[in-house]
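Take a look at the structure below.
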Amino acid sequence: MIEVKKLKNWNPPDGWIEFQTIDTHTEGEPLRIILSGYPELKGKTLLKKRTDAKNYHDELRKALIWEPRGHADMYGAIIVEPDTAGADFGVIFIHNEGYPQVAVMPLSH
């Protein structure tokens, strides 16, 4: 039997990364919005930030999208600073196979 006291006082080891996400269904498709915890991506444009994520942080995509936390149909949205004046934020979409190139966009209201 699990001792609740041990779980209550448990702290993750140093070096662990904590993500804040919201899981949604968009038109019936699963989407995990990554609000925080993802490293700051380098580059002035969304395309360069996408390239940085792909080249240097792909293990995080796999951890967030692949099983046991995700599945083959899971998509993700990394929220980043926009590269377009007037946009509120930018989004880099990810899925189980990588980074769709057409889904790099600034968003505004």
- Item | Output for segment 86-96, where each listed residue is aliphatic (A, V, I, L, M), more than 18 Å from TYR56 (Cβ to Cβ) and either at pLDDT below 65 or within 16 Å of the chain's Cα centre (by Cα) (or both) | VAL91
- Does ALA53 count as at pLDDT 95 or above, of a type outside the set (Lys, Arg) and closer than 15 Å to GLU97 by Cβ? yes
- Message: Against the definition (surrounded by 12 or more Cβ atoms within 10 Å (Cβ to Cβ) and either at pLDDT below 90 or at positive phi (or both)), how does GLY37 come out, yes or no?
- Response: yes
- Query: Which one is surrounded by the fewest Cβ atoms within 10 Å (Cβ to Cβ), of the residues in segment 62-88 that are in a helix (DSSP H, G or I) and touching a residue at least 12 places away in the same chain (Cβ under 8 Å)?
  - Reply: LEU64
- Consider TYR99 carefully, then state whether it is at pLDDT 90 or above, touching a Phe, Trp or Tyr at 6+ places or on another chain (Cβ under 9 Å) and hydroxyl-bearing (Ser, Thr, Tyr). yes
- Note on the structure: Among the residues of segment 14-34, the number that are touching a strand residue (DSSP E or B) at 6+ places or on another chain (Cβ under 9 Å) and either at positive phi or surrounded by 15 or more Cβ atoms within 10 Å (Cβ to Cβ) (or both) is 6
- Task: Answer yes or no as to whether ASP52 is part of a loop (DSSP other than H, G, I, E, B), of a type in the set (D, E, K, R) and either surrounded by fewer than 10 Cβ atoms within 10 Å (Cβ to Cβ) or free of Cβ contacts under 8 Å to residues at least 24 places away in the same chain (or both).
- Result: no
- What residue, among those in segment 9-34 that are among the β-branched types (Val, Ile, Thr) and not in a loop (DSSP other than H, G, I, E, B), is modelled with the lowest pLDDT? THR26
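The values are calculated or read from the model by the stated rules, or taken from the named source; none is laboratory data. Predicted model only: the values in this text are computed from it and were never measured. Ideal geometry is used to build each Cβ from the backbone, glycine not excepted, and the neighbour counts take in all protein chains shown.
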